[in-house]
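See structure below.
The values are calculated or read from the model by the stated rules, or taken from the named source; none is laboratory data. Just so we're clear, the structure is a prediction, and the values are computed from it rather than from any experiment. For neighbour counting, all protein chains shown are included, and Cβ atoms are generated from backbone atoms with ideal geometry for every residue, glycine included. To get the accessible areas, we keep the full protein, side chains included, count just its heavy atoms, and leave off ligands, DNA and RNA. Shrake-Rupley method; radii C 1.70, N 1.55, O 1.52, S 1.80 Å.
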Amino acid sequence: MTEKASELLRFEALPEDEGERLDSFTAERASGLSRTAAARLVEEGAVLLNSAAALKNSRLKAGDIVELKLPEPVSCKAEPQNIELDVVYEDGELIVVNKPKGMVVHPAAGNPDGTLVNALLYHCAGRLSGINGVLRPGIVHRIDKDTSGLLVVAKTDEAHRCLAGQIAEHSVTRLYEAIAHGGFKSENGTVNAPIGRDKRDRKKFCVCESNSKPAVTHYELLADYGAYSRLRLRLETGRTHQIRVHMAYIGHPLAGDRVYGPKNTPKELCGQCLHAGTLGFIHPSSGRYIEFTREPPGWFLDFEAGLKGKVRADG
């Protein structure tokens, strides 16, 4: 539950937050900031734990109160670029876009430009929320580079706070379409397994008990193609690479996922078959629930059509 008083955000740590680092909690549960930005705010004294300054690696206990004083917006250093966007919805406070596979959400090492942020800065004439710093203006949540689908981006700081709060409280509807390896014995299932960074490869994540966070993914079987299955998945939490990690954990890695699945993926796939197809949330100003849906892109549907054709031929 969140409370707002002018620039101050106040959060109570829940039992599921027990043991989480203060900077991580601030970044992922409180404001949608990057962990680096959250750590910097803790070091600057802008984050209080039970009304006192604390270290960024302080571990939370259930019932702890975290208070965050949001910094003044800063001008964005990323450059606007005239890159075509698939705009699903837009008003003065937010914009919903359908991100293509292969597009990085914000500039980072190895991807200094050509990102969704560069495109948004051009499209919105720089009018994006400043809470998330110079390289992530407006970005409330992310999806992987090779995952396609719907993202909501904030134009104002007020909209950003509202949307980030909904994400932290797990009230945003996020449904994904996917194709996974193998057949499923049941039509519905839930993966409830904590996710943390892989100690052997810091670029990957895995199901583990230490230094991990609760993660819950619900899945529904839509079609069985023998060697592959078409799924619809609903996120209850939003950990990095959550669906990819959970599906690999239960023995059904996503088709095309060379990081968490087999290396010899189908040659027509250059990334995982994962599409953020449905996104729903409460509009920050109207208070009305709005929801958007987009079908998977052509390459995804073409791959599925090939699976259907093979099933018919084999039958």
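Things worth noting here:
- So Asp113, is it out of contact with any Lys or Arg (no Cβ under 8 Å at 6 or more places or on another chain), surrounded by fewer than 20 Cβ atoms within 10 Å (Cβ to Cβ) and without any contact (Cβ under 8 Å) to a residue 24 or more places away in the chain: no
- Subset of region 247-268 [open to solvent by 20 Å² or more (accessible area, probe 1.4 Å) and small (Gly, Ala, Ser)]: Ala248, Gly251
- Checked against the criterion of being in a loop (DSSP other than H, G, I, E, B), of a type outside the set (Ser, Thr, Tyr), open to solvent by less than 20 Å² (accessible area, probe 1.4 Å) and within 28 Å of Leu94 (Cβ to Cβ), the candidates Gly277, Gly271, Gly287 yield just one match: Gly271.
- Single residue of Leu94, Leu14, Leu55, Leu68 found to be closer than 30 Å to Ser285 by Cβ, surrounded by fewer than 19 Cβ atoms within 10 Å (Cβ to Cβ), at pLDDT 75 or above and among the aliphatic types (A, V, I, L, M): Leu14
- Test for Gly238: is it in contact (Cβ under 8 Å) with a residue 24 or more places away in the chain, farther than 22 Å from Glu187 by Cα and either in contact with a Cys (Cβ under 7 Å, 6 or more places away or on another chain) or open to solvent by 10 Å² or more (accessible area, probe 1.4 Å) (or both): yes
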